[in-house]
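Novice: I am attaching a structure below and will ask some questions about it afterwards.
The values are calculated or read from the model by the stated rules, or taken from the named source; none is laboratory data. Worth saying up front: this structure is predicted, and the values here are computed from it rather than measured. Counting neighbours? That spans all protein chains shown, and the Cβs are built from the backbone with ideal geometry, glycine included. Please note that ligands, DNA and RNA were not included when accessible areas were found on the heavy atoms of the full protein model with its side chains. Shrake-Rupley method; radii C 1.70, N 1.55, O 1.52, S 1.80 Å.
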Amino acid sequence: MCRIACVLLQQQDFKVLRPLVLVLKSILKQNSLGDVSIGGLGSWSLANMVIAHLMVSGLAYRLGNTSPH
């Protein structure tokens, strides 16, 4: 339950999070890399990587999707 709440909170801050994750999940699925049980990448890990990238790159701030804390 905490995982869901965490991602939902981040989704409010990073408006581009959901579309990016959905596109990346689609790409992973097309390449048979979306199933964790066979060595692929799951939604939780993917969402965290996208959040980390947005935070480190500052992309979210440049797009005006959130305000710096």
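Novice: Could you work out what % of the accessible surface of the range 8-61 is carbon and sulfur, using a 1.4 angstrom probe and leaving DNA, RNA and ligands out of the count?
Specialist: Carbon plus sulfur share of accessible area: 63 percent.
Novice: How many Å² of accessible area per residue for the range 5-56, probe 1.4 Å?
Specialist: Value returned for the range 5-56: 68 Å² of accessible area per residue.
Novice: Using the beta-carbon distance between Cys6 and Lys29 and R0 = 25 Å, what value does 1/(1 + (r/R0)^6) give for FRET efficiency, to the nearest 0.05?
Specialist: 0.60
Novice: Do any trypsin sites (Lys or Arg not before Pro) in the range 1-33 lie in a DSSP loop with no more than 15 other beta carbon atoms within 10 Å, and if so, which?
Specialist: Answer in residue order: Lys15.
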